[in-house]
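The values are calculated or read from the model by the stated rules, or taken from the named source; none is laboratory data. For clarity, every value in this text was computed on a predicted model and none was experimentally measured. All Cβ positions, even for glycine, are placed from backbone atoms using ideal geometry, and neighbour counts span all protein chains on display. Note: areas computed on protein heavy atoms with side chains; ligands, DNA, RNA excluded. Shrake-Rupley method; radii C 1.70, N 1.55, O 1.52, S 1.80 Å.
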Amino acid sequence: MGEAARPLELLDAEAYLAMEERSPVRHELLEGVLYPMAGATEAHNLIVGNLFYHLRPHARAKGCRLFVSDMKLKVSSRTFYYPDLMVVCAEDPHPLYKERPCLVVEVLSENTEAIDRREKLWRYRELPSLQGYLLVDSRERRVEGYFRQEEGWLYRLWEGEGVAEVPCLGVGISLEAIYEGVEV
C-alpha cells in the first residue's frame, strides 16, 4: 500500500540555504522544491578541471573569479542551481551564492542534458549579467554556446575541433584543451 498523501513543502531562500549548509547531500532548489544532485563522472570532472585550469589566468587578468560545482547560483527568490562553472566579474559579495555571473558552463551528461538544455537555458538567459552560456558534452567533442547580442541570443556550435568563444573574458578555448585527457 502507498504512503499517505501529504502537502508539498516549498522552501524559501533562507530555509534552503540553512538546510543546505547542514546537508551532506547537495540539492538544487527549483521554485521552492528540493532536488538532490547526483555525483559526476570522471569525464565530467576532467572537463570542469580543464576549463578551470585554462580560464583562470584570463579571469584573474580581468579581475574576475571562477567558481566550480560547489558554488550556488541564485536565479530567483526560490530557485538555486549549482553550475559546473561560472565566471563572475561584477561585485557579487554573498558568500553562499552568486547572482551576477557573466558566463555559466554546464557539462552535459545523459542525466542532466534535458534540464541543462531547457530549464536552465531558459532561466539563465533571464540573468541580466549573463553574456554567455556554454554546454559542453561529456560524451563527444561538442560545445554549444548561447551568446547575448543586442538583437537577442546567438547560438554557436563547435564539433570535433576548433576554438570555442568565452564571452566576458574575451578569449577562446580549444576543444583540444577542454577534452585533454578525456576519452570521448
Specify the longest stretch of the chain that does not include any exposed loop site, a site being one of the GluC sites (Glu not before Pro) with a non-H, G, I, E, B DSSP assignment and at most 13 other Cβ atoms within 10 Å. 32-90
Measure nothing fancy, just the Cα-based angle from helix 13-22's long axis to the longest principal axis of the chain, in degrees from 0 to 90, nearest 10. 80 degrees
CD proxy, 222 nm, the chain: helix-only mean residue ellipticity via -39,500 (n - 2.57) per DSSP H run with n ≥ 4, per residue, nearest 500, stands at -6000 deg cm²/dmol
Which one is right for this structure if mean projected area of the Cα convex hull in nm² is calculated from it: (1) 9.3; (2) 14.6; (3) 12.4? (3)
Under-5 Å amide H pairs with Ser138, H placed in peptide plane, nonlocal only: Leu108
Take every DSSP beta bridge whose two residues both sit in the chain, then give the antiparallel share in percent to the nearest 5. 80 percent
Step through the residues of the stretch 173-184 one at a time and calculate ³J(HN,Hα) from phi using the Karplus curve (6.51 cos²θ - 1.76 cosθ + 1.60, θ = phi - 60°), rounding each to whole Hz and writing x for Gly and Pro. 9, 6, 4, 4, 5, 4, 9, 4, x, 9, 7, 10
Under the Karplus relation 6.51 cos²θ - 1.76 cosθ + 1.60, θ = phi - 60°, what is the ordered set of whole-Hz ³J(HN,Hα) values for the stretch 82-89, x standing for Gly and Pro? 10, x, 5, 7, 9, 10, 10, 10
Sequence order, the stretch 30-36: Karplus ³J(HN,Hα) from phi using 6.51 cos²θ - 1.76 cosθ + 1.60, θ = phi - 60°, Hz rounded, Gly and Pro as x, gives 10, 6, x, 9, 7, 9, x
Part-to-part distance (alpha-carbon centres) for the stretch 79-107 and the stretch 26-72, which is given in Å: 9 Å
Show the residues, 5+ positions off or on another chain, whose built amide H is closer than 5 Å to the amide H of Glu28. Tyr35, Met37
With DSSP loop assignment and no more than 12 other C-beta atoms within 10 Å, the chymotrypsin sites (Phe, Trp or Tyr not before Pro) in the stretch 79-116 are none
Residues in the stretch 105-121 near a label at Glu31, defined as backbone nitrogen under 14 Å from the 7 Å Cα→Cβ point? 119-120
Label zone at Lys62 (point 7 Å along Cα-to-Cβ), backbone N below 19 Å, the stretch 120-140: 124-136
How would Thr41, Thr79, Thr112 rank on accessible area, largest to smallest, probe 1.4 Å? Thr41, Thr112, Thr79
